[in-house]
Each structure stands twice: as C-alpha cells, then as structure tokens.
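What follows is one structure encoded as structure tokens, with my remarks underneath.
The values are calculated or read from the model by the stated rules, or taken from the named source; none is laboratory data. Note that the structure is a prediction, hence the values are computed from the model and not measured. Note: ideal-geometry Cβ built from the backbone for every residue, glycine included; neighbour counts use all protein chains shown. Note: areas computed on protein heavy atoms with side chains; ligands, DNA, RNA excluded. Shrake-Rupley method; radii C 1.70, N 1.55, O 1.52, S 1.80 Å.
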Amino acid sequence: MFRNLILLLNVCLLFKIFSCQEIDLNICPNGLTNFPPDPQWPINIPNRFEIITELTTDVETIEITQLFLGHNKDVIYFHNYEANLSTYYDFEINEMLTINDKLKCDRTEIKPNEYLPFATSQIVKPSILLGFNGRNKYNDAFFTRYIGKETIRDGILTQKFQACFYIDQENITINATYYISESSPDQITPDIRPDIVQIDVRSNDYPYTYNIIRYVSNPSLTIKTPSGAYCPNRTITKEFPQNIPSRLSIHADAYTLKDNDHPSRIESYNRLIDEPSEFERLDYTMNKIDTMSPPSTLLVDYSTKLQYMYTRQTQQCTVTNITTLSMHNTNELLFQFGHVNDSIRFQYTGLTGCGREHIQCHRWIGQYDSDGFVQQYEWFWSATFNEIDLQELIPIKAYISTTVKSEPRKTVNQEINIFNYNSRPNSMQMIDSTLGECYRSLGPSQGFNYAILRMTLNNDEKYPVHKQLLSLERHLHIQLANDLKIRHIRLSSFVIDITRDTTDHQDKDIYVTFTLLENPPGVSNSLKEPSLIELIRQLAKQINDGHFHIREDDGPYDLYARPNSLQTLVLYLSPSETNIDYSNGTIFVYHNITQIVYKQRQKIVLKRTGPLIAALWTGFVLLGMIVTIAIGSFVAIRKWTPTINHEST
C-alpha cells in the first residue's frame, strides 16, 4: 500500500498528470522543466530590474516596460498607437492603481492570497518569464534547459534555452524560449555580460514574442505615480509632514500659466506665519491683488479679525474685517491652503526630481472638492541631497490646479517655487515695524492710537553694550512683551542710544525709545489686552519700583532701568478721548485736549490730533507771512527813503 502511494506521488511529480496539475501537453509535450537548473544558464536575475520590451503578436505591437523593485512592488507601462496605460502593483499594502494617459486613476484592492501574473488578459508579465510568481516572489518551480546555439535577426549569435512551467493560481502552462546573446570566440571578454535578446512565448495556444530593447539589473530607480494623477481612496503610505514649526518664513515665486482669459504672470512674495501671535504677513514684490494701487504688504491679525493692507510707496493703510477666517496651525494655513481639519488628505506618490540640482524630493498630492470647483495640490519636499537622506524636510515647490465645474469648464494651473525657508524667523522684527507704520498712517482720527516712550537703562558697570545692540533690542522686545503680558506685535521701532564717558570713553547710560500701540478699535472686550494708558502706568510702576531688569544669559550685560526714567515723548489719542487722568510718577496728562506741551521734571509729553496738527501748520504759515511782510516793508522803506548828504558844499 505504501509503495503504491509513493509510486503515485512520483508519477504526479514526473509527469504532472491532470489529477495533480492540469498541464497542457500541447504546449509542453515533454512535460515541465524540472530540477536541477541548467548550469549553462548565464543569467542571474536579481529582484530589482528594469526591462524595456517590444511585444509582438499576430495582430499588434505593444511597447511594454516593467520596473520591478523587490518582492512587493512593480509597475507595467503600456504604449501603443492608441493610448498609454500604467499599472502599479503594491503587494505590501495589497493595492493596484491603473492610470491612463489622461491621468484618470482607478484603485483596485488586491486580496491577500491573490496572484497577478498577467500584464493583459493573455500576456504574462516579463517578471513571470524571468522566474518570479504573481506576487513578485521567486518561483521555486522555474528551471531552464539548454537547447543549443542559433542565429536570429539576421546575424545575432545566441544561446537558446527553454523553460516549461506551470502557474498554479491561474492553471496556465507556459512554454518560453530564451535567446541569450553570445559573443564570437574572438570577442569574448570577462567584462561583457550576456543579454536576453528575445523571448518566444506560447500559452493557451496564444503565441507572442518579447523583443528585449534594454535590460538593467539593480537600477537606481524608484516607483512613483505620474505628476498630477490623483487616485481616490488611495492608501497613504507616508504621512504628509506634520512637525511644522509654529513660526516660519519663506520666499515664493508663483508662476500662473496663461489661459483664454489671462496672460501668464509671475508673482513674487515673502510670507511669514506666526502661529503663537496669530499673525501673518505677506510682502508682495509683484502685483498680487488686482487693484488700482496694489498694497505692498498684507498683515493679517487672526486674533482681532483684522487685515491691514499697507502700501509702502504712498504710506497708506487700509483695514478690513476677516470674520470668516480663523488661525488654526501653520500646516493648515500654509500647506492646507486655509482648509481646516485635514480636509485635504495628501497621498504619497513617491520619490522624484523637483527641479533643484542634486536634490530628490518626496511628493504628495491632495484634492479639495467644493460645490463650484475642484482644487488639486501637489507638494514637493526635499528628501535627499547628493543621495544622502536629509533629516529635516523642507518644502521646495507646489503645483496647484483649479478647475471650475460649471460650463464652460476652465482650469487655472499654477507653480509655486519656495526659497529661503526659515523655521526660526525673527517675527518681532518682520511684523512689528510695518504694523506701527500702519498705525501712524491711520492715526487717532480712525481710532488707531499709539505712544512713543523712552526709558533709561543704568550702565554704571560700563558694559560694552555697543557691541550687543541687536541682542539688546531683541531681549528688550521680549522682556517688555512678557512683563506687560501683551503680544509682541504691539511693540515696535526700537531705537537704542548710548552715551559715552568723556574720561574713559566707556559706555554709560542707555536710552531706549520705542513705540507702544493701542488695541485696534472695534475689538471685543474678550479679545482686548490692557489699554495703552494702563500699559504706560504699569510699566512706569515697574520701573520706579526697580523691577525692570534686562540681561543676556551669556553675561555681556546686566541692566536695570533707572527709576522715574520713563518718558512719554508723544501720545496720540482720539479727539473724543477727554477727561484722561493718569500718572506714571513723572508725567501727567489731563483733559484739556487743545493743550500741546506739558513739562514736569524735564519730562516732555506731546499730545496731538489731526485737527491740532492742521492748526499748527496754519499758525506757522501765518507767522511766515507776517515775517515776510515785515522784511519786505523794511526793504521798501530803505529803498525809497532819500539819502541826505551832510557833507558841506
């Protein structure tokens, strides 16, 4: 009984009878090619290769390229006179993507035990003919036999091999004949490797031939889907960068392609995002906003829901409400294009070039579908430099496509290139000076009040502060914002003056002048910080109590403000703000709105309004006219008064 069972198994193994495998003996009359492999087979097929072929049948010719990377991924590219088609296989996540030449993408889920050996319904992939199965693993039942030598294609000397094997999952018998290049005896060199020239295939009585155009083993290539191809429900294999700094600045050049309605144009701008301060700044170097007088700077204060549009050439500022917008995080604002809650799910499409020398980029694509239009975003982030992986990913460029759904359908394409990416910008310097200029442009007549203050820092220790001016300004800015518990955007225009000792020429007292802004008008009480008057009073008390202290951690300076040194040089208030009564220990301002100059202990306070400034200019003009008339009268009198000669005749 046991001997009969062994005999039955041997029969199945040797002849592959139909009870074990349904071998088509019409295709392989001598059965399958069995172990051991032929020692003359010269090709060692690695699990990474690129093969470019021309496939011919009785009725058509197709270009087929296969990029085979490891045991999990490969892609088949088809091209004929009608269309292009690409099929991407990923057996690690069990997903297949099919993309046509119009970049339409269809996703198909691959079952865990599903094998996909076919390039088309009747043609197997090149990898199947090179010893792999339908899930890109090595086929343990693939062997070849040497047939002999043969000259093909009018003069190519080849070695001829044959392989008959069976694909269990599809019940298909394959008979493949291989033609491997062989050099003539006088041309044999150890450096030249034999190439596969041609593979003739018979399967299910359907003959076809792979003419090998190029075969490359272990190529330095990666699989990536085409640019612009968005695949709904595609599995995300690499998350879009999330560790975005809360403060960053960039320079960007945006190129918009021409369409039927608009010519092509280039827009250039600098952009700063300060998430902790809920503030954003854009500086345009070319026209971005289609107005008669485009602003050069746009400031967006998400905390107060105000937007400042400042034109530097004319020093004009316009303020509008942005109640429909809110500040979320840097990622949503810059890379989600204002869409919140990850409404754009970016899909990772692979490693690719991004137009920068020596740089390879990770690429993500996302889509936002609204009622009236569809926007598609494609981001490129730096991945390698000279094939060395980068620790920090940096945005390099983005493609933006906006398509209107209504007829006639229109699509606007834009490319944004990003430079000067800075994850640690000095947002205090970049935001604050311009916001102060905007306040000066608007003035108290529109409710934008501010004060110019000065205090004195004690430098009896004669620290060499003149060598640390930038550091001192930065520390002063931070210290004042922290002590007053306000956003740093309300402080600006720091000027530091240093007196010198005439005897030893060392630094003495330091005068610090700066601008302090009022809360903008119309802001709800829940969003308001302390008022301008309250802040001046609070700072004066802190200085007078000897509690304002500024120091550098490394020790170049350690300074205290001199008590009673705070001066309000200029205080701009609205004309309607009467009955003001506050004291900072050295100055007093009372309700008389027309009073101009107050002096107290050599401290000067100026209080100005728009009508007051006009009155001052009118006074100066009248005074000039009076002086001019007086001088003119004196000259006229001198000219027409007769000269009396007292000399005797």
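Label sites at Thr235 and Gln446, each approximated as a point 7 angstrom past Cα along Cα to Cβ, lie 5.6 nm apart. Working from label points 7 Å from Cα in the Cα-to-Cβ sense, the Leu103 to Thr120 distance is 2.7 nm.
Got a sec? Which residues in region 400-433 would a label at Asp261 touch, if it sits 7 Å along Cα→Cβ and we count backbone N under 18 Å? Counting only backbone N, you get 400-415. When the surface is traced with a 1.4 Å probe over the full set of protein chains, Lys149 keeps roughly 130 Å² accessible. The calculated FRET efficiency for Ser423 paired with Gln242, based on their beta-carbon distance and R0 = 22 Å, is about 0.95. Here the calculated FRET efficiency for Glu415 and His71, from their Cβ-Cβ distance with R0 = 30 Å, stands at 0.20, rounded to the nearest 0.05. Accessible surface for region 49-217, divided over its residues, is 49 Å² per residue with a 1.4 Å probe. Accessible surface for region 427-572, divided over its residues, is 44 Å² per residue with a 1.4 Å probe. For region 514-534 versus region 560-574, the spacing of their alpha-carbon centroids is 17 Å.
For region 96-175, what % of the accessible area comes from carbon and sulfur atoms, probe 1.4 Å?
Numbers: 1750 of 3950 Å².
Carbon with sulfur: 44 percent of the solvent-accessible area.
For Thr209 and Thr352, a Förster radius of 25 Å and the Cβ-Cβ distance give a FRET efficiency of 0.15, rounded to the nearest 0.05. Calculated on C-alpha atoms, the gyration radius of region 68-225 divided by its Kirkwood radius gives an Rg/Rh of 0.99. Summarising the label geometry, the points placed 7 Å from Cα in the beta-carbon direction at Ser220 and Phe35 lie 3.9 nm from one another.
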